[in-house]
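Okay, so here's the structure we're looking at.
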Amino acid sequence: MKKTAFLFLITLLPAALAAQQTALAQLDGLAAVKAADAPQAALPSAPAPQAKSALLLLDPRTGKVEVVIPTGGGFIYAASGKFVAAVFNGSGYITSSGQYLPVVGGGRKAAPGRQAARAGLGISGNWLGWGEWTYQGSGAHCYMDMAFEEGADYLFRKGGYFDCGMVGLAVEPARFVKKGTQLLDEAGQAAGSYENNVITLNEVYSESVDIFTTIKRDGLHFDYSEIWKLKDGSELYNISGRLFTGG
C-alpha cells in the first residue's frame, strides 16, 4: 500500500518513528489544555450573516428553536442577552464545545429540501469541528478542518489540517477507488471500506507505523477517529473529533 504522508508543523516524530519513548514529547503535560485555549481568531469560517437579521437556531439537545442575533465571533440569545462564542459555517453555528446549532429560520432560512438534498451527496464538502489529540495520557484540544470529494466510483480526501495549539497536523490528499464496499488506493491495493455512511481506512505511515481511520457520518456531521499504531499493535497517537458541514 502506498505510504501516506502526514506532515507536522513541528517535528514530532523521529526517523521512522522507531523511538516511541521520545516521539511527541512536546505533548507531555498538555492534559489541562481546554477548548478555550484554542486560537479562535485564526479559525476559518464562512461569512457571518448581518447582525441586524435575527436567526432561528435549533438546539439539538432540547429540541427547542431559539431566536438569536448574529454578532462578531458568535451570536446573542434574544431572550436573555447571553453571548455565545461560535463559528458560522454557512448553515449554522459551531460552538467552542463542538455543539452544532443549525439555522432553521430567519435571515438565512434554507430553501425547502436543501437538507434532504445534502444527504445524497455523501461526504463531499468542507468540514469544520473540534477534537482531541492524545498521547500516553496527555492531550491537546484541536480545531479540525477537512475536505472531501465523492463520486460514484471514487473518494477523494482533498486534505485537512488539525490545529492543536502547540502542535499541528496537515493531512495530505489521497484518492481511493470504490469497488463494491471496498476502497482501493492508487496502487489498486485494499485500503479500507465504505458502507452505511461509515468509512474505514488503513494507511501505512512508515515501516513501523500504520494509521487506522474511521469516519461515521450522521446527517450534517461526522465522528472522526484516527489511531496511529506500531506494528506490534501498541497505540502511539489517538486523534478523535466531530466535524460539521454547511450543507
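Descriptive notes on the structure:
- Whenever a residue of the stretch 70-98 is farther than 20 Å from residue 142 by Cβ, its partners that are acidic (Asp, Glu), lying with C-beta atoms within less than 7 angstrom and at least six residues away or across chains, give the pairs 77/66.
- Considered as a group, the residues in the stretch 130-163 that are of a type in the set (S, T, N, Q) and assigned to a strand (DSSP E or B) include one that is farthest from the chain's Cα centre (by Cα), and that residue is 138.
- Just one of the listed residues (191, 187, 147) is among the hydrophobic types (A, V, I, L, M, F, W, C), surrounded by fewer than 20 Cβ atoms within 10 Å (Cβ to Cβ) and more than 16 Å from residue 126 (Cα to Cα), and it is 187.
- Scanning the stretch 225-247 for residues that are touching a helix residue (DSSP H, G or I) at 6+ places or on another chain (Cβ under 8 Å) and of a type in the set (Gly, Ala, Ser) yields a total of 1.
- In the stretch 164-189, the residues that are in a strand (DSSP E or B), in contact (Cβ under 8 Å) with a residue 60 or more places away in the chain and out of contact with any Asp or Glu (no Cβ under 8 Å at 6 or more places or on another chain): 168, 169, 170, 171
We did not get these values from a lab; they are worked out from the coordinates using the rules stated. Source: prediction; values computed, not measured. Note that we place each Cβ from the backbone using ideal geometry, even for glycine, and neighbour counts take in every protein chain shown.
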